[in-house]
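This report concerns only the one structure given below.
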Amino acid sequence: MNRTLKRMNYHFYEARRKGVLTKRDQIKRLKIARDVLNKHSPQLWTDKICFYLDGVSFWYKTNPVAEAKTLHGKKWQQRNKGLNPLCTAKSSHTGSGGKAVKMFVAISYRKGVIFCEQYEKCDRDYFASFIRRNFRKLFRASGKMHSRLFVQDNCPIQNCAKAQQAMKAVGAKLFAFPPRSCDRLAIENVFNLVRRELRLQALCRNLVYQSYEQSSKRARRNEHFSVLLTISSNPCTNTYILLLSTKASV
């Protein structure tokens with residue numbers, strides 16, 4: 001059975017957490033690729049977009065090494081599963097049912113991680129205040145003073161009316177991606193690498209106990225990557241290549 005599945009290009013991967021990619025989503029993704037090709041220069045990803053902003057949550061576990069050794073749900077699936085039309089996969093909302101270390105992180109081309117702030121609860125008022133407090137600093141930190149473009153996901157809180165008013169007040173312009181396009185956001189690759197690093201730390205150090213404060217500190221330190229981010233100028237594939245060398249101690 002295993003050999004047959006492998007011949008069909010199936011492998012035993014960890015269950016993907018992606019939603020449904022519908023025909024309408026495909027049309028939107030193709031449209032934005034054409035718009036980028038026809039309306040923007042090839043330097044859009046490197047020189048025009050100032051930063052990528054996203055929220056991330058890390059589960060707090062009192063025994064990190066036990067969590068690192070725990071087998072995660074796996075299933076036989078193809079590598080591109082979750083990106084095919086009408087393909088559903090296991091979904092999850094990180095932070096529900098337990099305590100989590102929650103952060104907003106921003107990365108910028110040639111600058112790496114330029115912002116990392118922990119928060120407890122994000123609602124419409126908090127995010128509007130977050131924009132007014134931090135966006136001007138983020139634009140300056142990106143070093144792209146000629147542009148006010150930034151990228152974030154389609155979270156309703158981050159795109160509500162109050163957030164849009166705050167963006168307008170600071171002169172920020174959102175470069176919007178279609179829904180369910182997390183595979184097109186470079187910052188998701190950084191989060192994936194940070195989670196791997198946290199698991200490796202727990203195993204190497206044999207961390208059998210940590211407090212919530214220690215967990216928060218570990219997550220914040222691991223966010224400080226030295227990142228050389230190269231983004232393909234081909235908007236149809238929009239491939240992201242991340243060359244990372246961590247400065248966090250292991």
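Residues Gln165, Gln158, Gln152: which one is modelled with pLDDT of 95 or more and not small (Gly, Ala, Ser)?
It is Gln165.
So, in the stretch 196-240, of the ones that are modelled with pLDDT of 75 or more and assigned to a loop (DSSP other than H, G, I, E, B), which residue ends up surrounded by the most Cβ atoms within 10 Å (Cβ to Cβ)?
The residue in question is Leu207.
Sort out which residues of the stretch 90-122 are buried (at least 17 other Cβ atoms within 10 Å of the Cβ) and either of a type outside the set (Val, Ile, Thr) or modelled with pLDDT under 65 (or both), and write them in order of number.
Ala100, Lys102, Met103, Phe104, Ala106, Ser108, Tyr109, Lys111, Gly112, Phe115, Cys116, listed by residue number.
For the stretch 186-201, enumerate the residues that are of a type outside the set (Val, Ile, Thr), in contact (Cβ under 8 Å) with a residue 40 or more places away in the chain and under 21 Å from Gln118 (Cα atoms).
Selection gives Ala186, Glu188, Asn189, Phe191, Leu193, Arg195, Glu197, Leu198, Arg199, Gln201.
The values are calculated or read from the model by the stated rules, or taken from the named source; none is laboratory data. In this text, all values refer to a predicted model and were calculated from it rather than measured experimentally. No Cβ is skipped: glycine too gets one built from the backbone with ideal geometry, and neighbour counts run over all protein chains shown.
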